[in-house]
1. Name the residue that is farthest from the other protein chains (Cβ to nearest Cβ), counting only residues in segment B:53-81 that are within 23 Å of residue B:20 (Cα to Cα) and in a loop (DSSP other than H, G, I, E, B).
2. Starting from residues that are out of contact with any helix residue (DSSP H, G or I) (no Cβ under 8 Å at 6 or more places or on another chain) and part of a helix (DSSP H, G or I), keep the ones in segment B:1-52 and report whichever is farthest from the other protein chains (Cβ to nearest Cβ).
3. Would it be correct to say that residue A:181 is within 11 Å of chain B (Cβ to nearest Cβ) and outside any helix (DSSP H, G or I)?
4. Being part of a helix (DSSP H, G or I), more than 14 Å from chain A (Cβ to nearest Cβ), among the charged types (D, E, K, R) and touching a residue at least 40 places away in the same chain (Cβ under 8 Å) narrows it down to one residue among B:135, B:153; which is it?
5. Spot the failing condition for residue A:92; the list is (1) modelled with pLDDT of 90 or more; (2) assigned to a helix (DSSP H, G or I), and only one is missed.
6. Being under 24 Å from the mean Cα position of the chain (by Cα) and farther than 30 Å from residue A:267 by Cα narrows it down to one residue among A:116, A:122, A:166; which is it?
7. Pairs under 6 Å by beta carbon, first residue within 7 Å of chain B (Cβ to nearest Cβ) in segment A:165-177, partner not in a helix (DSSP H, G or I) and not hydrophobic (A, V, I, L, M, F, W, C), six or more apart or different chains?
8. Among the residues of segment A:59-81, write down those that are part of a helix (DSSP H, G or I) and surrounded by fewer than 13 Cβ atoms within 10 Å (Cβ to Cβ).
Amino acid sequence: MYTDALRETEARFRDIANTAPVMIWMSGTDKLCTFFNKGWLDFTGRPLEQELGNRWAEGVHHEDFDRCFEVYVSSFDARQPFTLEYRFRRGDGEYRWVLDNGTPRFASDGTFLGYIGSRLDISERKQAESEAMQNRQQLAYLSRVAIMGEMAGSLAHELNQPLGAIVTNAGAALRFLADDNLNTDKLRELLQDIAGDGKRAADVIRTIKGMGRKEAGARQLLNLNEVIGEILRLTRSEALANDCTLSTELHPALPYVEANLVQLQEVFLNLILNAFDASIEVPKVRRRVIVRTEYNGDSVIRASVRDFGTGLPGNRPEQVFDRFFSTKREGMGIGLYIARSIVAAHGGMLFAENAEGGGAQFCLRLPVSKETGA
Amino acid sequence: MTPAHRLVYLVEDDLSMSKAVGRLLESANYSVEMFAGTREFLARPPHPGPSCVVLDLNMPGLNGLELQEALIGRGRSEQVIFITGGASVLTSVQAMKAGAVDYLEKPFRDEELLCAVERALKRSSEQWLQRSERKEMRDRLATLTPREFDVLKAVITGMLNKQIAAQLGTTEGTIKVHRGRVMGKMGVTSVAELVVLAHRAGLTLTSRLQASQAG
């Protein structure tokens, strides 16, 4: 039974809905749509009749359809609000990314009335986001390459060590042979050492190659300790050059994280090299860097890189994450900025604090992967 | 040289490099003593004979250059050969200035290291010989009486017995006797030999004169 007041309310709603710069839809308790505003119809370029019921769903991109359908139905049955992102065909035939927010409606006595939802064309935002991500990846790549360039000397050292051992072992073997003084046991041990050093050199090269790759590659299940291990091997000479003692306290049984290997390595490389730099101002005996991983059984892995250097700017330690903030003469000031954005993209967080007993500590939280990697 | 004279110390923190260099030195019949760090090596009492150290330049704690400095500071005579994974011109110059025998960049050819070791041991044994001669001479000098020492000082400046007798206020005959004893104790038969020995013992004309003036 329509009263004038109710009719007026409804007319006012339609006015507002039709002038709103968003697409608005409503559905009844049977999940079928009963209303689309002008914004919607302008977007699809179709008359209301062709949208009503579930005919509107013809516009959903076929790749997104199943996902949308499932979320819509399951949220509907649970009377829960939902948010969906999917591609939807515009009147000119172009598929646009839209953000759809649906909310259940209830009468004052609590009776379920159906859903009301609004939809926004977010294609531009999506595009900007993806460009921003590409820019970040590009920046991360440039930063990696710059770091590797600066480290060229110590990377060469890391390679010369196993190569030196291989050449020397081979030389020794030839001498023993010439003197007929090489029994099988000695030969076996020698060859094993040569093979081991060959692998060691190859491992270093593999890591360097990964860091030099433009695309960071896909995410995989990783043990954070192993990620750190590879970086420690790469930075060993750098530690020596800075007279820094580099030590680890690693949790022996970390669960996996789902992450990008090269990007995580870049994070730790940045943190560790920064820690060396921060140590320069203090006497040699104090120059220590500790890399730690911790896990207490919950859904987060904690890691930290701690130095005993001069510490962070006391008034605002977090300032070190700002872009182009650098206390180093040669630093670009993007290392920590990149590190933080990488960790954030992995659903984690990175923050800095002044550690008790002096020096800075960079703490990292990364979510444990839901997959076991089995 | 006897095997004891062919002792090589190896100070290298990289286990596999250390094993490899150890093998190479053994293949050339040196006896090798290995140390994983500079402090361990410094803690070892010095070897009483010629020896050399093959020293990795880049090591935690005391690095190679600092160890070289510490050795010199303690008056130890080990000849040093540096090996390094990444040579910088600056450190190589520093190392050579401080008296290193050689400076080899890894990976080096086996002959390079073995030649360097041979050179170092040769230098060390020459030094060792000089030192032991000097010590022996000093020991012999110590057996001289003050009077005999005075006579020695005078003889090596080329004074005649008569002049010495006049200077010391005694007879030429007494000086002759003293001179005979000095030659005997020093184990020489001519004044020329005596001068050479005194020189080897570190007794130069000036230092002796200073010593006599101070006495």
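The values are calculated or read from the model by the stated rules, or taken from the named source; none is laboratory data. Everything numeric here is computed off the predicted structure, so don't read it as measured data. We place every Cβ from the backbone using ideal geometry, glycine too, and count neighbours over all the protein chains shown.
1. The first filter runs over segment B:53-81 and keeps only residues within 23 Å of residue B:20 (Cα to Cα), leaving B:53-65, B:67-68, B:78-81.
Remaining after also requiring in a loop (DSSP other than H, G, I, E, B): B:57-63, B:78.
Details: B:57: 9, B:58: 5, B:59: 7, B:60: 6, B:61: 8, B:62: 10, B:63: 7, B:78: 21 Å.
My answer is B:78.
2. Going residue by residue through segment B:1-52, those that are out of contact with any helix residue (DSSP H, G or I) (no Cβ under 8 Å at 6 or more places or on another chain) are B:2-4, B:7, B:13, B:15, B:18, B:22, B:33, B:37, B:39-40, B:43-48.
Retained after the next criterion (residues that are part of a helix (DSSP H, G or I)): B:3-4, B:15, B:18, B:22, B:39-40, B:43.
Working: B:3: 16, B:4: 21, B:15: 9, B:18: 9, B:22: 9, B:39: 13, B:40: 16, B:43: 18 Å.
Here the residue is B:4.
3. Numbers: within 11 Å of chain B (Cβ to nearest Cβ): yes; outside any helix (DSSP H, G or I): yes.
When the stated conditions are applied, residue A:181 passes them.
4. B:153
5. (2) is the only condition that residue A:92 fails.
6. Numbers: A:116 fails: under 24 Å from the mean Cα position of the chain (by Cα); A:166 fails: under 24 Å from the mean Cα position of the chain (by Cα).
That would be A:122, the only listed residue that is under 24 Å from the mean Cα position of the chain (by Cα) and farther than 30 Å from residue A:267 by Cα.
7. Filtered contacts from segment A:165-177: A:167/B:107.
8. Narrowing segment A:59-81 to residues part of a helix (DSSP H, G or I): A:59, A:62-78.
A:62, A:63, A:66, A:70, A:73, A:74, A:77, A:78 - these are the residues of segment A:59-81 that are part of a helix (DSSP H, G or I) and surrounded by fewer than 13 Cβ atoms within 10 Å (Cβ to Cβ).
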